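A.B. asks: A single structure is presented below for examination.
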Amino acid sequence: MTVTRRGAARGDLLDAALRLLADRPPSAISGREIAEEAGVNYGLVHYHFGSKDHLLDMAWRQHLEWLVDTEMKGGTRPVSVRATAEDRTLWAVAGHMALDPLQANGDGDRRQVLNAYRDLVEASDPDGDPVHHWTTIAALFALELGWPIFGPANVTAIGLSSAHLPMARSRVEALVATLESSVGLRSGEPAGGKGDS
């Protein structure tokens, strides 16, 4: 096997880990499953990452970097709830990693998106109430993490049909817009309006 192929295998493993993390938590994923999904030998999981847990952690960190750099335009705008609804992977990976008790360790490096939101809010509403800022960020995360993971199931669990999903998603988008406006992340809104939607 060439060095080039090993580098490709490393990327394949990271991509495979993200695909699996979009569907289930880390404790429900084996190293062999990741290798199989990547189409590589299981030994490469340990060769490149040392363990399945380290591979999943690296995949998550890479995903968070991509989320801040790409979806948040380098941390200059919030993630679009419409993009979240259309691409389940955006928040599902973070949700599965954060909700899995084996992975929750409070590591600051894993808080890139949270820190980017905090910086956005503080820049758009520098004189605002910090408790309101953090509570709003927590609510935004709950909505944006929760919708792709639980939204469709919750809509049908309360007796609505799948035909109601677009309306429910629209209401979630409106709630997100209201929360973003309350901390100045929407143009022309009460808290200073320096952010873009």
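The values are calculated or read from the model by the stated rules, or taken from the named source; none is laboratory data. Since this is a predicted model, take the numbers as computed values, not measurements. Methodologically, a virtual Cβ is constructed for each residue, glycine included, from the backbone with ideal geometry; neighbour enumeration extends over all protein chains shown.
A.B. asks: Can you say whether Gly74 is surrounded by fewer than 14 Cβ atoms within 10 Å (Cβ to Cβ), free of Cβ contacts under 8 Å to residues at least 24 places away in the same chain and among the small types (Gly, Ala, Ser), as far as the supplied structure shows?
C.D. replies: So Gly74 passes the test.
A.B. asks: Take the conditions outside any loop (DSSP other than H, G, I, E, B), acidic (Asp, Glu) and modelled with pLDDT under 85 and apply them to Asp69. Does it pass?
C.D. replies: Against the criterion (outside any loop (DSSP other than H, G, I, E, B), acidic (Asp, Glu) and modelled with pLDDT under 85), Asp69 does not qualify.
A.B. asks: Right, next: With the requirement that a residue be buried (at least 22 other Cβ atoms within 10 Å of the Cβ) and over 12 Å from Phe141 (Cβ atoms), what does the range 78-89 give you?
C.D. replies: Ala85
A.B. asks: Right, another one. In the range 36-59, how many are part of a helix (DSSP H, G or I) and over 12 Å from Leu18 (Cα atoms)?
C.D. replies: The number of residues fulfilling the criteria is 11.
A.B. asks: Enumerate the helices (runs of 4 or more DSSP H) found wholly within the range 84-190, keeping only those where 1 or more residues are at pLDDT below 80 and under 18 Å from Leu64 (Cβ atoms).
C.D. replies: The helices (runs of 4 or more DSSP H) meeting that bar are 89-99, 112-124, 130-157.
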